[in-house]
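Chemist: Just dropping this structure here.
The values are calculated or read from the model by the stated rules, or taken from the named source; none is laboratory data. Quick caveat: nothing in here was measured; it's all calculated off a predicted structure. Cβ placement follows ideal geometry from the backbone for every residue including glycine, while neighbour counts extend to all protein chains displayed. All accessible areas refer to the heavy atoms of the entire protein, side chains included, with ligands and DNA or RNA removed. Shrake-Rupley method; radii C 1.70, N 1.55, O 1.52, S 1.80 Å.
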Amino acid sequence: MSSNSSERTVTAATHPSPATPNTLSTAHHFVPKKLTTKNYLFWRTQLVPFLRGQGLLGFVTSDTPCPSATVTTPTPSDDGSGGTTSTTTANPTHAIWEQQDQSILSLLISSMSDEVLYLAVGRSTSHEVWTSVTAALDSLTRASCLNLLAQFQSLRQGDSSPGEYLGRAQLLVENLLVLAGRPVSLDEQNLYVFRGLRPEFRSMASSLAASGTTVSIPQLSDFLQAQEFIWADEFSGSVSVPAGGSHATLAVGREQNHHHNGGPWHAGSGQGRGRGGGRGRNNNGRGRGGVPRCQI
């Protein structure tokens with residue numbers, strides 16, 4: 001008997017207890033970031049896995065609907081006719097659901113900063129607050145995404161060095177992912193970055209595009225720096241090349257240097273050796289191109 005009693009005790013202890021609300025007492029460890037108008041994706045990123053891990057995500061997404069407040073059960077009729085009557089009683093699962101939902105609602109409100117707290121005013125369930133936040137801030141995120149994409153598509157190198165230009169491009173890529181939740185593929189990155197390069201770098205970009213090889217922005221930075229170094233080395237003997245100088249600048253500089261060293265179009269140096277620079281036999285006006293002397 002004692003053995004049977006012991007077995008019954010163990011069996012009773014292993015039965016699951018009735019459903020009780022999760023108080024979310026550890027939520028502050030997993031949801032430390034407060035919602036603002038600029039970090040909706042961060043806020044959502046920390047909340048969704050936490051609620052899913054607790055089995056509570058359905059409350060905010062309405063996949064776990066609220067049970068009815070009452071239940072109706074049929075009972076045999078007392079008049080002995082064999083019929084049944086309906087008895088309405090309070091639904092215990094409704095009270096449990098409501099208590100759990102209020103705990104989630106409290107979590108959502110406590111994770112909102114003052115500037116967005118108005119989104120929770122007048123909302124009585126976690127789903128209502130979640131929907132309010134999503135409707136207000138998700139649209140801002142989409143607008144931010146379109147704005148960042150427009151900035152990326154219109155990005156141009158201009159007078160910037162390759163490093164500065166690619167730094168701006170990398171920042172846009174990161175902001176699109178972090179602030180707008182919009183990853184940018186390598187193909188898109190190459191398309192927008194190549195198009196914004198100065199003309200002297202486009203031949204290399206065209207070669208990469210024709211080869212079908214996609215490169216990351218840090219890899220492209222290495223290529224551009226190498227090309228810039230090669231040009232600087234090629235023209236270092238004739239003219240100093242500013243960082244990111246163009247082909248036109250280099251060509252003009254080389255031509256000017258050539259003229260300075262006595263090229264075919266060099267003007268007279270004052271010593272009578274230039275073509276048309278006043279060269280004459282006795283400076284009496286008979287030299288080619290010389291200026292005649294005034295006869296007195």
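Chemist: In the stretch 141-159, which residues are open to solvent by less than 60 Å² (accessible area, probe 1.4 Å) and either part of a loop (DSSP other than H, G, I, E, B) or free of Cβ contacts under 8 Å to residues at least 40 places away in the same chain (or both)? Don't jump to the end; show me each part of the working.
Modeler: Residues of the stretch 141-159 open to solvent by less than 60 Å² (accessible area, probe 1.4 Å): 141, 143-145, 148-150, 152, 155, 157-158.
Of everything in the stretch 141-159, those that are open to solvent by less than 60 Å² (accessible area, probe 1.4 Å) and either part of a loop (DSSP other than H, G, I, E, B) or free of Cβ contacts under 8 Å to residues at least 40 places away in the same chain (or both) turn out to be 143, 144, 145, 148, 149, 150, 155, 157, 158.
Chemist: Is it fair to say residue 65 is at pLDDT 90 or above and either within 30 Å of residue 135 (Cβ to Cβ) or open to solvent by 80 Å² or more (accessible area, probe 1.4 Å) (or both)? It would help to see each step written out before you state the result.
Modeler: Working: at pLDDT 90 or above: yes; either within 30 Å of residue 135 (Cβ to Cβ) or open to solvent by 80 Å² or more (accessible area, probe 1.4 Å) (or both): yes.
Yes, satisfied.
Chemist: Take residue 137 and tell me if it is within 12 Å of the chain's Cα centre (by Cα) and buried (at least 16 other Cβ atoms within 10 Å of the Cβ).
Modeler: On the way: within 12 Å of the chain's Cα centre (by Cα): no; buried (at least 16 other Cβ atoms within 10 Å of the Cβ): yes.
No: the conditions fail for residue 137.
Chemist: Looking at the stretch 160-179 only, could you name the residues that are touching a residue at least 60 places away in the same chain (Cβ under 8 Å), surrounded by 16 or more Cβ atoms within 10 Å (Cβ to Cβ) and in a helix (DSSP H, G or I)?
Modeler: The first filter runs over the stretch 160-179 and keeps only residues touching a residue at least 60 places away in the same chain (Cβ under 8 Å), leaving 160-163, 178-179.
Next cut, surrounded by 16 or more Cβ atoms within 10 Å (Cβ to Cβ) only: 160, 162, 179.
Correct list: 162 only.
Chemist: Then there is this: Being touching a strand residue (DSSP E or B) at 6+ places or on another chain (Cβ under 8 Å) and surrounded by 14 or more Cβ atoms within 10 Å (Cβ to Cβ) is the filter; apply it to the stretch 98-123 and report the residue that is farthest from residue 64 (Cα to Cα).
Modeler: Here is the first cut: in the stretch 98-123, the residues touching a strand residue (DSSP E or B) at 6+ places or on another chain (Cβ under 8 Å) are 111-113, 116, 119-120.
If we keep only those that are surrounded by 14 or more Cβ atoms within 10 Å (Cβ to Cβ) as well, we get 111-112, 116, 119-120.
Numbers: 111: 22, 112: 23, 116: 26, 119: 22, 120: 20 Å.
Ranking the candidates gives 116 first.
Chemist: Looking at (1) within 22 Å of residue 226 (Cα to Cα); (2) of a type outside the set (Phe, Trp, Tyr); (3) crowded, with 19+ Cβ neighbours inside 10 Å, which one does residue 186 not meet, given that it meets all the others?
Modeler: (3)
Chemist: For residues that are in contact with a Ser or Thr (Cβ under 9 Å, 6 or more places away or on another chain) and of a type in the set (Lys, Arg), tally how many sit in the stretch 156-181.
Modeler: Count: 1.
Chemist: On to the next question. Give me the pairs, please: first residue somewhere in the stretch 182-208 and under 15 Å from residue 159 (Cα atoms), second residue anywhere and open to solvent by 60 Å² or more (accessible area, probe 1.4 Å) and hydrophobic (A, V, I, L, M, F, W, C), beta-carbon distance under 9 Å, and either six or more positions apart or on two chains.
Modeler: Sorted first by the residue in the stretch 182-208, then by its partner, the pairs are 199/248; 200/248; 201/223.
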